[in-house]
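A.B. asks: Pasting a structure below so you can have a look.
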Number of protein chains: 2
Amino acid sequence: DQKQQSASSSDPYSTDPPRHPALRVNSQKPFNGEPPSEILSENYITPTAFFFKRNHLPVPKVDPATYRLEIEGLPNGPVSLSLEDLKSRFPKHTVTATLQCAGNRRSEMNKVKQVKGLNWGIAAISNATWSGVLLRDVLLDAGYKSGGTAKHVQFEGLDKDVTGTTYGASIPLGKAVSEEGDVLLAYEMNGEDLPADHGFPLRVVVPGTVGARNVKWLGKIILSEEESSSHWQQNDYKGFSPSTDWDTVDFKSAPAIQELPVQSAITQPAEGAVVDRSMEEVTVKGYAWSGGGREVVRVDVSLDGGRTWQVAKLRGGEEDEPPPPPGRAWAWKLWELTAPLPEDAQELEIVCKAVDSSYNVQPDSMAPIWNLRGVLSNAWHR
Amino acid sequence: DQKQQSASSSDPYSTDPPRHPALRVNSQKPFNGEPPSEILSENYITPTAFFFKRNHLPVPKVDPATYRLEIEGLPNGPVSLSLEDLKSRFPKHTVTATLQCAGNRRSEMNKVKQVKGLNWGIAAISNATWSGVLLRDVLLDAGYKSGGTAKHVQFEGLDKDVTGTTYGASIPLGKAVSEEGDVLLAYEMNGEDLPADHGFPLRVVVPGTVGARNVKWLGKIILSEEESSSHWQQNDYKGFSPSTDWDTVDFKSAPAIQELPVQSAITQPAEGAVVDRSMEEVTVKGYAWSGGGREVVRVDVSLDGGRTWQVAKLRGGEEDEPPPPPGRAWAWKLWELTAPLPEDAQELEIVCKAVDSSYNVQPDSMAPIWNLRGVLSNAWHR
Ligand SMILES: [Mo]
Ligand SMILES: [Mo]
């Protein structure tokens, strides 16, 4: 936009790419924005321009011709690969995976009691097809062998703050090297080169795992005994008890968020929308997803604030696709319920809750899961 | 007991073994009993005599000398193994794993609205060390190769009803053959031969998976494209919406329970116990566990019905044991909180809720997870 284009060149954000004007902006620098929530349930694959954007730092400009991916911590020494190496030397894999920000639905938790963080609505979640090479294939080719001392795979982005500190995160080694983990070094999103905001030319896609570990503008991979030492791995993106405040919090006491819990939300009708009383039926739509490859198996919808429930119709990917193997359901389900309007209702209190394949459910209310960073906000949506 | 010993020999239960008189009996024939709940939190490893017992049929008498395990559905044809074959030809593995009945805490769900099933309290869960051979090792030795058409591993027990129908269940193939699945064909429990009630001479232990799939008195293993056709796999042990009743239930519409959701309960003070007002502190104890190898990372305890929370101290296995790798935390945590008595409280309303490593939490209340079979009863315990 104008304001951004005319910023002085000393502004590290001055070269950030343009964004779709319909995104709701939660922060301009770094850019954080989410689509109108109805768009989510209208498209099983979120159109790229509307996929939520969660940047921690300025978008780096990377020249694909000179780009190198460095890999360290291997028994035979470091490895350096060009983009062409990755594309030509390894089979191309495509995975449909939903990414969700740890702070999705933070605004609802913020209403219980103030939290620190971007005030996301219900749309810091989106679904895309990602293509690239399997991290497993690259690590095995680079000399990785099981039985070593490494326990984590660290990722460093090429995005930097003014002191030169890069974004970083890590995932457990087992997820990275498992044949069933489906962790990608992705160079395409929805069939095209990754856009600048989503990590061009290469990002990690860790299906089933919180957005924050899906490092964009990937510069370096390090196999290590330790988790990433980054702020975002060590002192952020962790869950705490509602009794923990900024005076008492001990970030070492909680595990870094990896797999996310079961989640769902209502995208239509929009909050506060007026439902025409002359209509005999109401149609409710939304999304549901769970972390760790757990498939959503049921969504219950209530029109009376949770007193009674009806089971929604679920929609996955293409009708003719086989269902994902157990533990590898990386993509969300869209859901829909058309039901008669309760006769004497002055106001509909619509509520949804999802169940995943481990029969985990969403908690009833936000206050008991409130935490100072406002992450993991997955109570029933109403 | 006397009544059982004097039963006529036409009673198929007449040869059932004796049981510890302290068990609370939910059904005599078949025998189903749970220990006093305080015993659970007094012992990290539940003493064998107090481990909950969940039988579906009479206990079969099996002669270990003539016992055979049959394996079918393999590319090179069926295999038959003696107990001695299993013990001598495969490495011995020991796994500490908590088993929980799908119906644990059903009695609380039953109070919301009547359900069908044994009226379990909070102690249809116990923890033991299991030793035996890895199912993976046995299948690989028997000729199993990946890439075939099998998707499930079916187990048949030697326990039979009057028509000759045996108990049966199945698990996904991936769990059975994974290096990280830790599925055992167990011949020992807590360092001794399996007792008759727990499956002598051989049972399956499927860590992280509902008790019902941990088939006892194992007679046959079948690799198949299909799940077990047993009543217990197809028309039982599934979760449904609170709106589903016996007139509308379609058992095909829900997945068979495998991994269980996060769970916790208070074992001390016992329900209705009087806490001495002259004491300045109260000590609360309990257990917490989650399915799928997800570790319990926090337990919150409230003394005021859920308004405010305190974090309990967790206890795992031996202090000097390394923590389990991610996704392989098969055993529970015991927890304890000592806190000042609230000054003006006439009655303490003690509540607990657990969080697992995927940050899944227990739901606040039972009514919204009520289901006609009373399974998966994991709301906050109070
Ligand atoms: Mo995030
Ligand atoms: Mo069970």
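The values are calculated or read from the model by the stated rules, or taken from the named source; none is laboratory data. Predicted, not measured: the structure shown is a model, and the values here were computed from it. Reconstructed Cβ throughout: ideal geometry from the backbone, glycine too, with neighbour counts over all protein chains shown.
A.B. asks: Does A:A97 meet the test of being outside any helix (DSSP H, G or I), touching a residue at least 12 places away in the same chain (Cβ under 8 Å), in contact with a strand residue (DSSP E or B) (Cβ under 8 Å, 6 or more places away or on another chain) and within 16 Å of ligand 1 (Cβ to nearest atom)? Don't jump to the end; show me each part of the working.
C.D. replies: On the way: outside any helix (DSSP H, G or I): yes; touching a residue at least 12 places away in the same chain (Cβ under 8 Å): yes; in contact with a strand residue (DSSP E or B) (Cβ under 8 Å, 6 or more places away or on another chain): yes; within 16 Å of ligand 1 (Cβ to nearest atom): yes.
Against the criterion (outside any helix (DSSP H, G or I), touching a residue at least 12 places away in the same chain (Cβ under 8 Å), in contact with a strand residue (DSSP E or B) (Cβ under 8 Å, 6 or more places away or on another chain) and within 16 Å of ligand 1 (Cβ to nearest atom)), A:A97 qualifies.
A.B. asks: Additional query: Residue under question is A:L74, and the condition is that it be more than 14 Å from chain B (Cβ to nearest Cβ), away from ligand 1 (no atom under 16 Å from the Cβ), touching a Phe, Trp or Tyr at 6+ places or on another chain (Cβ under 7 Å) and within 28 Å of A:R136 (Cβ to Cβ); does it hold? Break it down stepwise before answering.
C.D. replies: On the way: more than 14 Å from chain B (Cβ to nearest Cβ): yes; away from ligand 1 (no atom under 16 Å from the Cβ): yes; touching a Phe, Trp or Tyr at 6+ places or on another chain (Cβ under 7 Å): yes; within 28 Å of A:R136 (Cβ to Cβ): yes.
Spelling it out, A:L74 is indeed more than 14 Å from chain B (Cβ to nearest Cβ), away from ligand 1 (no atom under 16 Å from the Cβ), touching a Phe, Trp or Tyr at 6+ places or on another chain (Cβ under 7 Å) and within 28 Å of A:R136 (Cβ to Cβ).
A.B. asks: Inspect segment A:328-340 for any residue being outside any strand (DSSP E or B) and modelled with pLDDT under 95 and give the result as yes or no. Spell out how you get there, then give the answer.
C.D. replies: Residues of segment A:328-340 outside any strand (DSSP E or B): A:328-332.
Next, from what is left, pick out any that are modelled with pLDDT under 95: none.
No, that holds for no residue.
A.B. asks: From the list B:P35, B:P60, exactly one residue is more than 16 Å from ligand 2 (Cβ to nearest atom), in contact with a Leu (Cβ under 7 Å, 6 or more places away or on another chain) and either within 23 Å of B:V153 (Cα to Cα) or not β-branched (V, I, T) (or both). Which is it?
C.D. replies: Working: B:P35 fails: more than 16 Å from ligand 2 (Cβ to nearest atom).
Result: B:P60 is the single residue among B:P35, B:P60 that is more than 16 Å from ligand 2 (Cβ to nearest atom), in contact with a Leu (Cβ under 7 Å, 6 or more places away or on another chain) and either within 23 Å of B:V153 (Cα to Cα) or not β-branched (V, I, T) (or both).
The rows are residues; the columns are (1) part of a strand (DSSP E or B); (2) away from ligand 2 (no atom under 16 Å from the Cβ); (3) polar (S, T, N, Q); (4) within 14 Å of another protein chain (Cβ to nearest Cβ).
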site: B:N104; (1), (2), (3), (4): no, no, yes, yes
site: B:K111; (1), (2), (3), (4): no, yes, no, no
site: B:G117; (1), (2), (3), (4): no, no, no, no
site: B:W120; (1), (2), (3), (4): no, no, no, no
site: B:A123; (1), (2), (3), (4): no, no, no, no
site: B:W130; (1), (2), (3), (4): yes, yes, no, no
site: B:S146; (1), (2), (3), (4): no, yes, yes, yes
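A.B. asks: Mind listing whichever residues of segment B:182-210 are small (G, A, S), surrounded by 24 or more Cβ atoms within 10 Å (Cβ to Cβ) and more than 21 Å from B:S80 (Cβ to Cβ)? If you could, list the steps in order and put the result at the bottom.
C.D. replies: Step one: of segment B:182-210, the residues small (G, A, S) are B:186, B:191, B:196, B:199, B:208.
So of that shortlist, the ones also surrounded by 24 or more Cβ atoms within 10 Å (Cβ to Cβ) come out as B:186, B:199, B:208.
Passing the criteria: only B:G208.
A.B. asks: Does segment B:315-322 contain at least one residue that is within 19 Å of A:A254 (Cβ to Cβ) and either within 28 Å of the chain's Cα centre (by Cα) or surrounded by fewer than 13 Cβ atoms within 10 Å (Cβ to Cβ) (or both)? Explain how you work it out, then say what you get.
C.D. replies: At the first step, the residues of segment B:315-322 found to be within 19 Å of A:A254 (Cβ to Cβ) are B:315-316.
Then drop every residue that is not either within 28 Å of the chain's Cα centre (by Cα) or surrounded by fewer than 13 Cβ atoms within 10 Å (Cβ to Cβ) (or both), which leaves B:315-316.
Within segment B:315-322, one or more residues are within 19 Å of A:A254 (Cβ to Cβ) and either within 28 Å of the chain's Cα centre (by Cα) or surrounded by fewer than 13 Cβ atoms within 10 Å (Cβ to Cβ) (or both).
A.B. asks: Applying the selection to segment B:282-295, what residues are in contact with a Lys or Arg (Cβ under 6 Å, 6 or more places away or on another chain) and more than 11 Å from every other protein chain (Cβ to nearest Cβ)?
C.D. replies: Of segment B:282-295, the ones in contact with a Lys or Arg (Cβ under 6 Å, 6 or more places away or on another chain) are B:288, B:293.
Scanning segment B:282-295 gives a single hit, B:A288.
A.B. asks: Let me ask something additional. Taking the conditions exactly as written (assigned to a helix (DSSP H, G or I), of a type outside the set (D, E) and within 24 Å of B:L185 (Cα to Cα)), does B:S88 satisfy them or not?
C.D. replies: Details: assigned to a helix (DSSP H, G or I): yes; of a type outside the set (D, E): yes; within 24 Å of B:L185 (Cα to Cα): yes.
When the stated conditions are applied, B:S88 passes them.
A.B. asks: Within the bounds of segment A:232-242, is there any residue that is among the hydrophobic types (A, V, I, L, M, F, W, C), within 11 Å of another protein chain (Cβ to nearest Cβ) and assigned to a strand (DSSP E or B)? Lay out the reasoning, then the answer.
C.D. replies: In the first step, residues of segment A:232-242 are kept if they are among the hydrophobic types (A, V, I, L, M, F, W, C); the result is A:232, A:240.
Still in the list and also within 11 Å of another protein chain (Cβ to nearest Cβ): A:240.
Of the ones still in play, those that are also assigned to a strand (DSSP E or B) are none.
No, segment A:232-242 has no match at all.
A.B. asks: Does B:N76 satisfy the criteria of being within 16 Å of ligand 2 (Cβ to nearest atom) and either touching a residue at least 12 places away in the same chain (Cβ under 8 Å) or surrounded by 18 or more Cβ atoms within 10 Å (Cβ to Cβ) (or both)?
C.D. replies: Values: within 16 Å of ligand 2 (Cβ to nearest atom): no; either touching a residue at least 12 places away in the same chain (Cβ under 8 Å) or surrounded by 18 or more Cβ atoms within 10 Å (Cβ to Cβ) (or both): yes.
So B:N76 does not fit the description; no.
A.B. asks: Since A:G132 meets every condition but one in (1) in contact with an Asp or Glu (Cβ under 8 Å, 6 or more places away or on another chain); (2) farther than 26 Å from A:G291 by Cα, which condition does it not meet?
C.D. replies: A:G132 satisfies every listed condition except (2).
A.B. asks: Identify, from the list A:E347, A:E343, A:E321, A:E271, the residue that is more than 11 Å from chain B (Cβ to nearest Cβ), in a loop (DSSP other than H, G, I, E, B) and under 30 Å from B:G174 (Cα atoms).
C.D. replies: Residue meeting the stated conditions: A:E321.
A.B. asks: For A:I266, all conditions in the list (1) at positive phi; (2) in contact with a His (Cβ under 6 Å, 6 or more places away or on another chain) hold save one; what is the number of the exception?
C.D. replies: Only one criterion is unmet by A:I266, namely (1).
A.B. asks: Select from segment A:354-382 the residues that are assigned to a loop (DSSP other than H, G, I, E, B) and charged (D, E, K, R) and list them in ascending order. It would help to see each step written out before you state the result.
C.D. replies: Looking only at segment A:354-382, we keep the residues that are assigned to a loop (DSSP other than H, G, I, E, B), and these are A:357-360, A:362-366, A:370-380, A:382.
Matches in segment A:354-382: A:D364, A:R373, A:R382.
A.B. asks: While we're here: Counting only residues that are surrounded by fewer than 22 Cβ atoms within 10 Å (Cβ to Cβ) and more than 13 Å from chain B (Cβ to nearest Cβ), how many does segment A:253-266 have?
C.D. replies: Initially, segment A:253-266 is screened for residues surrounded by fewer than 22 Cβ atoms within 10 Å (Cβ to Cβ), giving A:253-255.
Right, trim to more than 13 Å from chain B (Cβ to nearest Cβ) and you get none.
Total meeting the criteria: 0.
A.B. asks: For the list (1) out of contact with any strand residue (DSSP E or B) (no Cβ under 8 Å at 6 or more places or on another chain); (2) within 14 Å of another protein chain (Cβ to nearest Cβ); (3) farther than 18 Å from B:S377 by Cβ, I need the number of the one condition that B:D304 fails.
C.D. replies: Every condition holds for B:D304 apart from (1).
A.B. asks: May I pose another question? Could we say that A:V162 is modelled with pLDDT under 95 and of a type in the set (A, V, I, L, M, F, W, C) here?
C.D. replies: Yes: the conditions hold for A:V162.
A.B. asks: Restricting to segment B:357-376, name every residue that is closer than 21 Å to B:A329 by Cα and either polar (S, T, N, Q) or more than 7 Å from chain A (Cβ to nearest Cβ) (or both).
C.D. replies: Of all residues in segment B:357-376, those closer than 21 Å to B:A329 by Cα come to B:357-362, B:376.
Residues satisfying the conditions are B:S357, B:S358, B:N360, B:Q362.
A.B. asks: Give the residues of segment B:190-246 that are away from ligand 2 (no atom under 14 Å from the Cβ), in contact with a Gly (Cβ under 7 Å, 6 or more places away or on another chain) and under 16 Å from B:E72 (Cβ atoms), sorted by residue number.
C.D. replies: B:L218, B:G219, B:I222, B:L223, B:S224, B:S228
A.B. asks: Residue check, A:K333 against (1) within 11 Å of chain B (Cβ to nearest Cβ); (2) among the charged types (D, E, K, R); (3) closer than 30 Å to A:K238 by Cα, all met but one. Which one?
C.D. replies: Exception for A:K333: condition (1).
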